[in-house]
Amino acid sequence: MKPFPLYALALLGLAHFPAHADGAADELPTIGSIHSALKVARPETIPEGSWFTSAELGAISTSGNTTGTSISGKIDARHETADWSNEYIVSGFFKEDEITDDDGERYRTRSAERWTASAKAAYKLMKEGSRAFVLGSHVNDKFGAYTRYTSFAVGHGSQLYNTADKALDVEIGPGYFSGERETGERESGMTVRGAARFRWQVSPSAAFVQTVSVERGTSNVHSIAESALSTKINDTMQMKAAFSARNDTNVPVDKKNLDTQTSLTLVYSF
């Protein structure tokens, strides 16, 4: 199967849209991070040691002919200083289904379980929107192409496009990954990582965010993309609808290259 062109999603938002009122610009951070929370307004002057945090939670429970439960959650904490922008993300997703066997016995089985954690430190350079960063992330995915996937990257990021209601941030740099398959087979090696984040303030109460990251190694291309639309409920609450995709080009014969997830979550920012 050919690799899924996730990087193309990041270009969708570059089409021309009418500009909104000047007030919409205040909803977009002037220093971007591809891992930033969807809706964290940053003041013009950053107080030393400021924190911007968001927590989101979504759940689905079904009963009757189909019985099951799925839960997704995420915490995104960002620490701003005059010189540094640091970010810490923890997220999880699991799905449990009730199955009836040939003897009529019903039992529950876990069909999805993924936990991710990442930490990023970005040093703000003299040019506005330019930064040098170091990033580390780890994924535990019980049913994924890799049951464990750890990566590190360093590089440079810059803001290529910035208007009153739209902004595009990109990053590129070398990295290293270590992965473990369900069979216990281990892989590791150097990578080249590229990432982008496009933000569009659709209206004063709605924002669209497209993120994509690609890690290319000698034997695998690991890609992650998310398209998300958030609408403001009040000053601290938003509703977020998102579609995310994870793709690996080199997977075992019993695994699929592409995993997708559609979610509707409630986001609380503080």
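The values are calculated or read from the model by the stated rules, or taken from the named source; none is laboratory data. Bear in mind that the values here come from a model prediction, so they are computed numbers and not experimental data. Neighbour counts are summed over all protein chains in view; Cβ atoms, including those assigned to glycine, are modelled from backbone coordinates with ideal geometry.
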* Criterion violated by Ile89 - all others in (1) closer than 23 Å to Ala196 by Cα; (2) in contact with a Phe, Trp or Tyr (Cβ under 9 Å, 6 or more places away or on another chain) satisfied -> (2)
* Inspect all residues belonging to the range 134-150 and state whether any of them is over 26 Å from Glu56 (Cβ atoms) and surrounded by fewer than 17 Cβ atoms within 10 Å (Cβ to Cβ). => no
* To do: Please verify whether the range 242-251 includes one or more residues that are in contact with a strand residue (DSSP E or B) (Cβ under 9 Å, 6 or more places away or on another chain), at pLDDT 95 or above, part of a strand (DSSP E or B) and of a type in the set (Lys, Arg).
  => no
* All positions within the range 142-170 that are acidic (Asp, Glu) and over 15 Å from the mean Cα position of the chain (by Cα) -> Asp165
* Asked: If we scan the range 66-77, do we find a residue that is within 18 Å of Gly173 (Cα to Cα), in a strand (DSSP E or B) and touching a Leu at 6+ places or on another chain (Cβ under 8 Å)?
  -> no
* **Condition check for Gly179: buried (at least 22 other Cβ atoms within 10 Å of the Cβ) and among the small types (Gly, Ala, Ser)** => yes
* Looking only at the range 157-172, which residues are of a type in the set (Val, Ile, Thr) and not in a strand (DSSP E or B)? -> Thr163
* Counting only residues that are closer than 22 Å to Arg186 by Cβ, among the charged types (D, E, K, R) and part of a strand (DSSP E or B), how many does the range 118-156 have? -> 2
* Asked: Looking at (1) farther than 30 Å from Met126 by Cβ; (2) in contact (Cβ under 8 Å) with a residue 40 or more places away in the chain, which is the only condition Ile75 fails?
  -> (2)
* Structure fact -> If we ask which residues in the range 179-224 are of a type outside the set (A, V, I, L, M) and in a strand (DSSP E or B), their number turns out to be 23
* Mind checking whether some residue in the range 235-242 is among the β-branched types (Val, Ile, Thr) and surrounded by 16 or more Cβ atoms within 10 Å (Cβ to Cβ)? -> no
* Which listed residue is farther than 27 Å from Leu125 by Cβ and in contact with an Asp or Glu (Cβ under 6 Å, 6 or more places away or on another chain), from Gly157, Gly179, Gly184 -> Gly179
* Asked: Do the conditions hold for Gly179, that is, is it under 24 Å from Gln261 (Cα atoms), at pLDDT below 95 and among the small types (Gly, Ala, Ser)?
  -> yes
* **Residue list for the range 214-258, filter: under 22 Å from Lys166 (Cα atoms) and touching a residue at least 60 places away in the same chain (Cβ under 8 Å)** => Ile224, Ala225, Ser227, Ala228, Ser230, Lys232, Gln238, Lys240
* Asked: Any residue at all in the range 180-195 that is under 22 Å from Glu128 (Cα atoms), touching a strand residue (DSSP E or B) at 6+ places or on another chain (Cβ under 6 Å) and of a type outside the set (Gly, Ala, Ser)?
  -> no
